Amino acid sequence: MGVEADLEGAFTDIEALAKECRFNNCSHTSEPDCAVLQAVAMNTLDGKRLESYFKFQKELRFLETKVDENAAIEQRQHEKKLGKYYKQTLHDIYEIKGK
Ligand SMILES: [Zn+2]
C-alpha cells in the first residue's frame, strides 16, 4: 500500500463523525454541536487520535499550499509566454495591414 492510500483511509472514523457536525466547515475545536468533540467527550473517540488528525490536516494544508504555489508559478510563466505570443501576433497583423 502506498503512502497516499494510507493517508486517505487513516481517519475515516473521524471523517464519518465530521459529517454529523452542525457546521460543514467545522474545525472540531470549539464549535457547538460538534460530533467529533462529542465523541471524544463520550470516549468513543480517542482524544489523541483527534490530535493526530489535526496534525494530518495541517500537513495536508501545507502540501496543498505547496501545490497551489507551483500551479501559480506555472500559470504566470504560461501567461508570460502567451503575452509574448499575442504581442508578436498583433505586431504581425499590424505589419501586414500597414503594407
Ligand atoms: Zn466538528
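At a glance:
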| read-out | value |
| --- | --- |
| Complete set of residues in segment 26-37 that are out of contact with any helix residue (DSSP H, G or I) (no Cβ under 8 Å at 6 or more places or on another chain), more than 19 Å from K55 (Cβ to Cβ) and near the ligand (Cβ under 9 Å from one of its atoms) | D33 |
| Count of residues meeting criterion [acidic (D, E) and either crowded, with 19+ Cβ neighbours inside 10 Å or in contact with a Phe, Trp or Tyr (Cβ under 9 Å, 6 or more places away or on another chain) (or both)] in segment 26-47 | 2 |
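Computed from the coordinates by the stated procedures, all read-outs in this text should not be read as laboratory data. The shown structure was predicted, so the numbers you read here are calculated from the model rather than taken from an experiment. Cβ sites come from the backbone with ideal geometry, for glycine too, and all protein chains shown count toward neighbours.
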